[in-house]
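The values are calculated or read from the model by the stated rules, or taken from the named source; none is laboratory data. Not measured: the values here are computed from a predicted model. A quick note on method: Cβ atoms are made from the backbone with ideal geometry, for glycine too, and the neighbour counts reach across all protein chains shown.
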Amino acid sequence: MPSDKAKPNKAGDPGGSKGKPTKASSKKRASNGAQESPPANKQASLNPQEPGKGPIIVKKNRLPILGLGASAGGLEALQQFFDAMPSDEGMAFLVVVHLDPDHASILPELIQKRTAMKVETAEDQKVIRPNHVYVAPPNKDLALLKSKILLLDPESPRGHRLPIDFFLRQLAQDQGENAGCIIFSGTGSDGSLGLRDIKGSGGLVIAQEPSSAKYDGMPSSAMATGMVDLVLPPEQMPAKLSYYFSQSRSMGGASSEAILDDAPSLAPLQKVLVLLRDRVGHDFSYYKKNTIIRRIERRMSLQQIPDVEKYVRFVQANSDELDALFKDMLIGVTEFFRDPEAFEVLKKVVIPELLAQLKPKDALRVWVPGCSTGEEVYSLVIVIKECMAQAGKDVPLQVFGTDIDSMAVDKARDGLYPANIAAEVNRERLGRFFTEESGFFRVRKELREPVVFSVQDVMKDPPFSRLDLLCCRNLLIYLDGTAQKKLLPLFHYTLKPQGILFLGSSESIGGFPDLFKALDKKWKIYSRKPASGAMRLMIDFPTGPVTREGGKGKAANAALALGEADLVREAQKLVLSEFSPALLLVDPKGDIQYIHGHTGKFLEPAVGRASLNISSMAREGLRPELAAVMRRAQASGREVHSPGVRVEINGGHQYVDLTVKPITQSKALRGLLAVVIQEVAEPTAGSKGKARRGPNAEIQKRLGDLEQELQHTRERHHGAIEELETSNEELKSINEEMQSANEELQSTNEELEATKEEQQSLNEELATVNTELQAKIDELAHAQDDMKNLLSSTEIATIFLGNDLSVKRFTPKASKLVNLIPSDVGRPVQHLATNLDYANLEADAGEVMQSLLVKQREVRTKDGIWYQMRILPYRTMDNLIDGVVITFTDINQQKQAQTELRELYDALKKAGIQREALFKEQTKELEHARDLLGKKSGDG
């Protein structure tokens with residue numbers, strides 16, 4: 001299991017990315033300011049033969065596939081992410097968001113504006129290609145098979161769907177280490193179950209920094225699983241992705257089966273394991289070599305440290321990284337009813353047989369090593385409870401869940417799980433065994449009481465014994481052969497005859513067929529076989545916790561290293577532990593809150609359901625006197641002392657002085673009782689005789705008083721019994737009414753639960769649609785601004801009229817021709833005063849509405865400026881007529897030019913006439929002269 005929150009690297013840490021990546025940058029990021037990742041075209045930048053310095057290898061022919069999950073507020077995060085994501089990193093992205101099943105999404109178009117990668121809606125049977133973004137369509141579940149998209153119809157299009165969880169599980173199963181997921185903004189907890197599978201397969205898990213998300217429900221729920229590798233704002237994620245999926249490390253033959261200690265090239269790896277053992281107290285040398293290498297490689301990639309020697313120095317200086325590596329080593333991938341068919345076999349075959357074998361008053365004992373956060377433990381208890389109900393038995397149940405991860409054990413103890421476990425636990429079981437608490441489900445008392453969770457290392461801590469069922473699923477697959485050979489005989493020893501061993505589907509009993517008999521080969525359920533004495537001698541029992549301090553010299557000189565205050569404190573501890581009497585702090589009900597000293601002689605667990613009540617645990621002889629002294633102390637409020645109480649102990653007896661004192665001084669302890677049990681020597685014969693001396697009259701009087709008091713007590717007791725019987729009958733009647741009302745409320749609650757889930761799902765879908773519509777509105781606003789500027793820049797006066805010839809819109813230029821102000825929108829055009837020397841505007845507009853033909857006229861303003869007026873129909877995108885558009889184009893200069901041309905033409909025409917008249921006159925004169933010359937020549 002990883003840590004609850006893997007924080008971004010601080011400044012100066014290896015792997016701290018600097019700057020914001022851009023689309024143009026396809027280079028691999030440097031891990032810090034002084035260290036850059038090797039170029040992509042080089043296979044190795046380090047000497048592969050040098051011990052501890054494996055080469056950096058670019059993973060070729062690898063297609064990382066990232067699942068991006070988002071809901072309400074996720075569009076903004078996706079846009080920020082793709083703004084910073086380079087378009088040539090060789091990755092593929094599949095986006096799954098909560099969509100209204102009846103709404104056509106425009107999400108692909110919105111994302112396409114933010115990236116140069118091709119963005120398309122996911123299609124069935126589509127092969128995933130690098131540098132592509134695929135968006136899941138509405139009302140479809142997304143699955144993968146060999147990098148091919150499969151679209152499935154959801155079981156319920158409405159209601160509490162978990163499309164992100166479904167897809168991430170499919171992605172993990174199909175891609176393994178090549179998979180990754182990012183949980184963006186959203187409400188609810190969708191994705192927090194699916195990311196467990198991504199993590200379990202060795203993939204990368206990233207969550208959006210909650211402070212950067214509009215809705216932090218989904219990121220916070222993902223972080224609560226403890227399996228998130230990185231928590232980052234969207235714009236910082238691409239740099240980490242680029243480095244993580246582009247680099248790999250070879251540390252001395254990951255496929256080799258050589259023992260770690262005998263591999264010189266793995267010396268730095270051994271150093272890391274030693275540092276890890278010193279930090280957490282657990283030895284991981286029992287883990288499989290390949291598993292250890294992959295986990296360390298993964299942490300190196302996350303921290304952007306390409307050299308294993310530098311990583312050793314990094315973990316020496318950063319204890320937080322050792323904690324994160326410890327979590328990565330564990331990876332507690334679990335869920336409720338994992339492999340449901342296996343649990344059905346347990347319910348129908350195995351557990352009924354175990355219940356039948358139990359003797360009267362025997363408890364059913366179950367141990368679940370490697371329980372992680374407790375889902376499998378509670379799944380077993382649910383199945384056992386159901387089997388008991390079917391068999392009509394109420395058998396004492398003791399279930400032990402252990403794990404080496406203390407944080408996982410704490411979560412198991414808390415028994416609080418996200419709401420999306422509804423995908424794993426059916427509605428009937430949820431209603432019976434869980435209560436809902438503000439988006440979470442908590443296990444009921446009935447489920448929690450029989451379970452004891454504790455931190456335990458199966459390799460070194462003593463095991464539980466006399467077990468009926470041992471459920472060890474998916475723990476052995478991480479351990480090497482040596483560890484498995486140690487654990488399987490140990491498991492055999494802990495089971496009762498005919499006890500059951502339940503392993504994971506990928507595990508087996510290996511070389512121990514003489515210890516276990518297969519009951520179900522498919523689901524790896526085995527029954528214990530009797531073993532020979534020689535086999536018992538082979539059992540390697542754990543010897544206890546590993547000593548953290550090394551050498552005797554440290555222990556011998558420890559006292560010399562203590563300061564004065566420490567020495568006083570240690571001396572006080574020694575005095576309290578060795579010389580003080582047993583002390584117990586109990587509440588007014590008698591439940592023990594604190595124990596100091598050794599109380600085993602006087603207290604022992606009672607038979608039946610576990611209880612910490614001091615009266616129930618007191619040994620014979622001490623119980624009645626203890627109850628009486630506690631009553632007197634509570635009634636009087638003062639210390640009460642009872643000397644010489646005889647306590648029966650293991651066939652013998654011990655005398656003690658009993659003191660009970662109400663605590664009033666300390667505010668923190670006020671209301672509790674201090675019970676002090678002091679061992680004393682047996683009273684001598686003389687002291688016993690003193691108690692018997694005294695006059696007979698006094699003894700007789702005392703006996704009479706006691707008999708009278710006893711009689712009164714009997715009468716009061718008889719009356720109390722009668723009142724109690726009456727009260728019981730009334731309470732029984734009330735209880736029946738309450739049960740009836742409770743059933744009705746339960747039914748109503750289930751209906752409200754279903755309605756709430758549907759409303760939550762609908763709210764998420766509406767939020768997504770609202771975000772898309774908001775983006776569309778922004779686009780329309782930009783388009784409107786562009787159109788307004790375009791119309792203004794053309795300086796063409798334009799008026800838009802509706803079907804009723806009322807003003808819809810106009811440009812600033814039009815207000816100079818027609819007296820328009822913003823409040824005139826909606827007024828009929830005939831009500832407007834114009835500056836045009838033209839009275840047929842309304843009639844021409846109406847004619848265009850009827851004929852749908854364009855009408856053009858030249859009109860003049862009252863101050864003599866000419867305009868070209870065009871009236872044409874207003875057509876919508878659906879080719880519907882919704883009014884007319886009137887445009888006025890300034891043609892005054894053209895008119896002036898026409899006038900000048902006409903005047904020039906008239907002048908030229910007049911000059912031509914004059915020239916023609918002159919020509920005719922000159923012609924006549926010439927003819928007259930010619931006639932005169934002819935006459936003269938005739939006369940001569």
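Quick notes on this structure:
- Listed conditions (1) surrounded by fewer than 22 Cβ atoms within 10 Å (Cβ to Cβ); (2) in a helix (DSSP H, G or I) are all met by residue 296, apart from (1).
- Qualifying residues in segment 186-229 (those that are over 10 Å from the mean Cα position of the chain (by Cα) and of a type in the set (S, T, N, Q)) - the one surrounded by the most Cβ atoms within 10 Å (Cβ to Cβ): 208
- Extreme residue, nearest to residue 184 (Cα to Cα), among residues of segment 774-801 that are surrounded by 14 or more Cβ atoms within 10 Å (Cβ to Cβ) and of a type in the set (A, V, I, L, M, F, W, C): 775
- Matching residues, segment 100-129, being surrounded by 15 or more Cβ atoms within 10 Å (Cβ to Cβ) and over 28 Å from residue 779 (Cα atoms): 126, 128
- Candidate set: segment 454-468, residues that are of a type outside the set (D, E, K, R) and assigned to a strand (DSSP E or B); chosen: the one farthest from residue 329 (Cα to Cα): 467
- Test: residue in segment 647-660 that is under 18 Å from residue 591 (Cβ atoms) and either surrounded by 20 or more Cβ atoms within 10 Å (Cβ to Cβ) or in contact with a Leu (Cβ under 9 Å, 6 or more places away or on another chain) (or both): yes
- All positions within segment 814-832 that are touching a residue at least 24 places away in the same chain (Cβ under 8 Å), within 17 Å of residue 885 (Cβ to Cβ) and not in a strand (DSSP E or B): 814, 817, 829, 832
- Residue list for segment 348-361, filter: within 27 Å of residue 458 (Cα to Cα) and either assigned to a strand (DSSP E or B) or of a type outside the set (A, V, I, L, M) (or both): none
- Among residues of segment 892-940, those that are part of a helix (DSSP H, G or I) and farther than 30 Å from residue 836 by Cβ, counted: 33
Quick grid of which residues meet (1) β-branched (Val, Ile, Thr); (2) farther than 22 Å from residue 784 by Cβ:
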residue: 804; (1), (2): no, yes
residue: 824; (1), (2): no, no
residue: 828; (1), (2): no, yes
residue: 865; (1), (2): yes, yes
residue: 875; (1), (2): no, no
residue: 879; (1), (2): no, no
residue: 897; (1), (2): no, yes
residue: 906; (1), (2): no, yes
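- Whichever residue in segment 327-341 is modelled with pLDDT of 85 or more and assigned to a helix (DSSP H, G or I) and, among such residues, is farthest from the chain's Cα centre (by Cα): 341
- Checklist (1) modelled with pLDDT under 90; (2) under 21 Å from the mean Cα position of the chain (by Cα) applied to residue 412, failing item: (1)
- Residue satisfying all of: in segment 68-98; polar (S, T, N, Q) and assigned to a helix (DSSP H, G or I); farthest from residue 774 (Cα to Cα) among these: 80
- Of residues in segment 167-177 being over 15 Å from residue 96 (Cα atoms) and out of contact with any helix residue (DSSP H, G or I) (no Cβ under 8 Å at 6 or more places or on another chain), the one surrounded by the fewest Cβ atoms within 10 Å (Cβ to Cβ): 176
- Criterion violated by residue 207 - all others in (1) of a type in the set (Gly, Ala, Ser); (2) under 28 Å from residue 306 (Cβ atoms); (3) assigned to a helix (DSSP H, G or I) satisfied: (3)
- Residue check for residue 469: modelled with pLDDT of 90 or more, under 21 Å from residue 350 (Cα atoms), over 27 Å from the mean Cα position of the chain (by Cα) and hydrophobic (A, V, I, L, M, F, W, C): yes
- Evaluation of residue 878 against (1) among the charged types (D, E, K, R); (2) surrounded by fewer than 10 Cβ atoms within 10 Å (Cβ to Cβ); (3) closer than 18 Å to residue 808 by Cα (one fails), failing number: (3)
- When each of 861, 889 is tested for being touching a residue at least 40 places away in the same chain (Cβ under 8 Å), polar (S, T, N, Q) and farther than 20 Å from residue 792 by Cα, the lone residue that passes is 861.
- Which numbered condition residue 421 misses (of (1) of a type in the set (A, V, I, L, M); (2) out of contact with any helix residue (DSSP H, G or I) (no Cβ under 9 Å at 6 or more places or on another chain); (3) under 22 Å from residue 221 (Cα atoms)): (2)
- Matching residues in segment 362-376 - criterion: being assigned to a loop (DSSP other than H, G, I, E, B) and either touching a residue at least 40 places away in the same chain (Cβ under 8 Å) or touching a Gly at 6+ places or on another chain (Cβ under 9 Å) (or both): 370, 371, 372, 373, 374
- Enumeration of residues in segment 847-893 that are of a type in the set (A, V, I, L, M) and within 60 Å of the chain's Cα centre (by Cα): 872, 877, 880, 881, 884, 885, 886
- In summary, strands (runs of 3 or more DSSP E) completely within segment 620-689 and bearing 3 or more residues that are touching a residue at least 24 places away in the same chain (Cβ under 8 Å) and over 19 Å from residue 592 (Cα atoms) occur at 640-649, 652-662.
- Residue in segment 793-811 that is farther than 30 Å from residue 113 by Cβ, free of Cβ contacts under 8 Å to residues at least 40 places away in the same chain and not hydrophobic (A, V, I, L, M, F, W, C) present: yes
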